[in-house]
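Engineer: Encoded as structure tokens, here's the structure I'll be asking about.
The values are calculated or read from the model by the stated rules, or taken from the named source; none is laboratory data. Predicted model only: the values in this text are computed from it and were never measured. Don't worry about glycine lacking a Cβ; one is built from the backbone with ideal geometry, like all the others, and counts go over all protein chains shown. Just so you know, the surface numbers come from the protein's heavy atoms only, side chains and all, with ligands and any DNA or RNA stripped out. Shrake-Rupley method; radii C 1.70, N 1.55, O 1.52, S 1.80 Å.
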Amino acid sequence: GPKSKRLIARQDEIDSSAVAYPNDIPLAFEEGKGATIRDVDGNTYLDFFAGIGVLNVGHSNPYVLEAVHEQTDKLVHTIDFPTDARLELIDKLETIAPGNLAGNSRVVFGGPTGSDANEAAIKLAKHNTGGDGLIAFRGGYHGATSGAMSLTSNKSFKSDYTPLLPDVVHAPYPYPFRQDKDPETAVRDALTEVRSIVEDPYGGLANPAGIFVEPIQGEGGVIVPPKGFLEGLRTIADENELPLIFDEIQSGFGRTGKWWASEWYDVTPDAITSAKALGGIGFPLSATIYHEDLDTWEPGGHAGTYRGHVVGMRAGARAIEYIESHDLLAHARELGDVIRSRLTEIGETNPALASVRGKGLFIGAEFVDRSGAPDGNAVDAIQQYCYEHGVLVWTAGRHGNILRLLPPLVLTHEQAEIGLEIIEDAIRASTN
Ligand code: PMP
């Protein structure tokens, strides 16, 4: 619409050249509510994107907002001094932490972004092991600061900024969809590679400090690893006394229908990094949750002005309460199954839709052309069509050929149906 166009034109004039829009449709937003968002021209969209998986309890969730208003009226910033909000969130994170981290964990708030949480985790790993080498995975995304960027595998994000951390090696992440290799072989090959990076005196990291992995890759294309992969990493980490760190910044905080994606597997990491949805309704907040055995920092061992934002912590604590009292984890699992089966059905008659995957409301659909090659253009066209018809969707993957859906966990069945109709039309119109 015209108002959106004006704002975009002005932004193009004054804003950084680094801002990026995913499409040609000018969109500027002014109000979000639950799973919907309205642009400045008055058009309402179903938000199947949620600010990249941030708004798990919905835009401006009223229950969370009430606590936010109370908090902003009282106190917005201290640093490490205890506040009720801080203790409330730490207590709640302690109870939702997976496996043996529950009741045995510590939380370090390091700064507002996911990248900050990963920086803290890198320091945690190095500090505890005395090592400096890190194992990460191809297709992984961990952030835009130097350490986190070193863990990210996509060269285009980092080639202008080398040298980064010198000893980071990226092992293959098993890709169990449409591949010559069966899932077991993909897992075995990936684990063999990790083991050799850690243990082989002729090719390994001289001094490994930890293993960083997304338990489900997000930016890499919503890749749900086959059973055995994370379990195998756990074994290698244990045998070599290395911390296993799960980046749950996108996959965590209820997104997959469990608090943490690792709970879909029989594995507990030594540390979890969390951000995005952790801030409740979009407040910038991150945390690294780690086993108390790793709590070896001296006071001030990890620093930062925003070691937890009071309003964000309050919002995060209330969001946990809201997710629990509304049984949103079960809802996300159920609705995710509905969405995936509908997409799978579409794929049965349309070979362009080559695979559907995900857990809960962390969903990917992969598109290929007639020769079976990744088709990013089709996904661009689907995204464009969806925007024109009132649904915000996102993309992912090395070739941009994964349609990524990350709707708020409060999305209703009715809203899902409406969104799916439009997505189905978009797929039909954009593939042949
Ligand atoms: N890790 C993962 C898995 C992510 O998806 C992201 C953001 N997309 C990050 C880290 C970085 O978070 P931030 O952009 O807040 O720094």
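Engineer: Can you name every residue in segment 240-251 that is in a loop (DSSP other than H, G, I, E, B) and either more than 12 Å from the ligand (Cβ to nearest atom) or among the charged types (D, E, K, R) (or both)? Before the answer, list the steps.
Structural biologist: Here is the first cut: in segment 240-251, the ones in a loop (DSSP other than H, G, I, E, B) are 240-243, 248-251.
Result: ASN240, GLU241, LEU242, PRO243, GLU248.
Engineer: Quick check on LYS155: is it more than 11 Å from the ligand (Cβ to nearest atom) and free of Cβ contacts under 8 Å to residues at least 12 places away in the same chain?
Structural biologist: Values: more than 11 Å from the ligand (Cβ to nearest atom): yes; free of Cβ contacts under 8 Å to residues at least 12 places away in the same chain: yes.
For LYS155, the condition - more than 11 Å from the ligand (Cβ to nearest atom) and free of Cβ contacts under 8 Å to residues at least 12 places away in the same chain - is met.
Engineer: Taking ILE346 as the residue in question, decide whether it is surrounded by fewer than 21 Cβ atoms within 10 Å (Cβ to Cβ) and in contact (Cβ under 8 Å) with a residue 60 or more places away in the chain.
Structural biologist: The answer is yes for ILE346.
Engineer: Now for a separate question. Is it true that LEU75 is of a type outside the set (Gly, Ala, Ser) and in contact with a strand residue (DSSP E or B) (Cβ under 8 Å, 6 or more places away or on another chain)? Break it down stepwise before answering.
Structural biologist: Numbers: of a type outside the set (Gly, Ala, Ser): yes; in contact with a strand residue (DSSP E or B) (Cβ under 8 Å, 6 or more places away or on another chain): no.
No, not satisfied.
Engineer: Could you pull out the residue among TYR45, TYR63 that is of a type in the set (Phe, Trp, Tyr), farther than 30 Å from ILE197 by Cβ, part of a helix (DSSP H, G or I) and in contact with a helix residue (DSSP H, G or I) (Cβ under 8 Å, 6 or more places away or on another chain)? Reasoning before the result, please.
Structural biologist: On the way: TYR45 fails: part of a helix (DSSP H, G or I).
Going through TYR45, TYR63 in turn, the sole match is TYR63.
Engineer: Okay, next question. Within the group GLY254, GLY147, GLY221, GLY232, which residue is in a loop (DSSP other than H, G, I, E, B) and either within 13 Å of the ligand (Cβ to nearest atom) or surrounded by fewer than 23 Cβ atoms within 10 Å (Cβ to Cβ) (or both)? Spell out how you get there, then give the answer.
Structural biologist: Numbers: GLY254 fails: either within 13 Å of the ligand (Cβ to nearest atom) or surrounded by fewer than 23 Cβ atoms within 10 Å (Cβ to Cβ) (or both); GLY147 fails: in a loop (DSSP other than H, G, I, E, B); GLY232 fails: in a loop (DSSP other than H, G, I, E, B).
None of the other options fit; the residue is GLY221.
Engineer: When you go through (1) open to solvent by 50 Å² or more (accessible area, probe 1.4 Å); (2) in a helix (DSSP H, G or I); (3) within 16 Å of the ligand (Cβ to nearest atom); (4) touching a residue at least 60 places away in the same chain (Cβ under 8 Å) one by one for LYS126, which number turns out not to apply?
Structural biologist: Result: LYS126 fails condition (3) only.
Engineer: For segment 92-109, check the following and say yes or no: at least one residue is touching a Gly at 6+ places or on another chain (Cβ under 8 Å), within 16 Å of the ligand (Cβ to nearest atom) and not β-branched (Val, Ile, Thr).
Structural biologist: So far as segment 92-109 goes, yes, one or more of its residues are touching a Gly at 6+ places or on another chain (Cβ under 8 Å), within 16 Å of the ligand (Cβ to nearest atom) and not β-branched (Val, Ile, Thr).
Engineer: Residue check, GLU366 against (1) assigned to a strand (DSSP E or B); (2) surrounded by fewer than 20 Cβ atoms within 10 Å (Cβ to Cβ), all met but one. Which one?
Structural biologist: Evaluating GLU366 over (1) assigned to a strand (DSSP E or B); (2) surrounded by fewer than 20 Cβ atoms within 10 Å (Cβ to Cβ) leaves (2) as the failure.
Engineer: Are any residues in segment 263-280 open to solvent by less than 30 Å² (accessible area, probe 1.4 Å) and either in a loop (DSSP other than H, G, I, E, B) or within 13 Å of the ligand (Cβ to nearest atom) (or both), and if so, which ones? Working first, answer last.
Structural biologist: As a first pass, look at segment 263-280 and keep what is open to solvent by less than 30 Å² (accessible area, probe 1.4 Å): 265, 267, 269, 271-275, 277-280.
Within segment 263-280, TYR265, VAL267, PRO269, ILE272, THR273, SER274, ALA275, ALA277, LEU278, GLY279, GLY280 qualify.
Engineer: Next question. Among the numbered criteria (1) modelled with pLDDT under 95; (2) more than 15 Å from GLN217 (Cα to Cα); (3) out of contact with any Leu (no Cβ under 8 Å at 6 or more places or on another chain); (4) not aliphatic (A, V, I, L, M), which one does TYR175 miss?
Structural biologist: Looking at each condition in turn, TYR175 falls short on (2).
Engineer: Which of the residues belonging to segment 7-29 are exposed (fewer than 14 other Cβ atoms within 10 Å of the Cβ) and part of a helix (DSSP H, G or I)?
Structural biologist: ALA9, ARG10, ASP12, GLU13, ILE14
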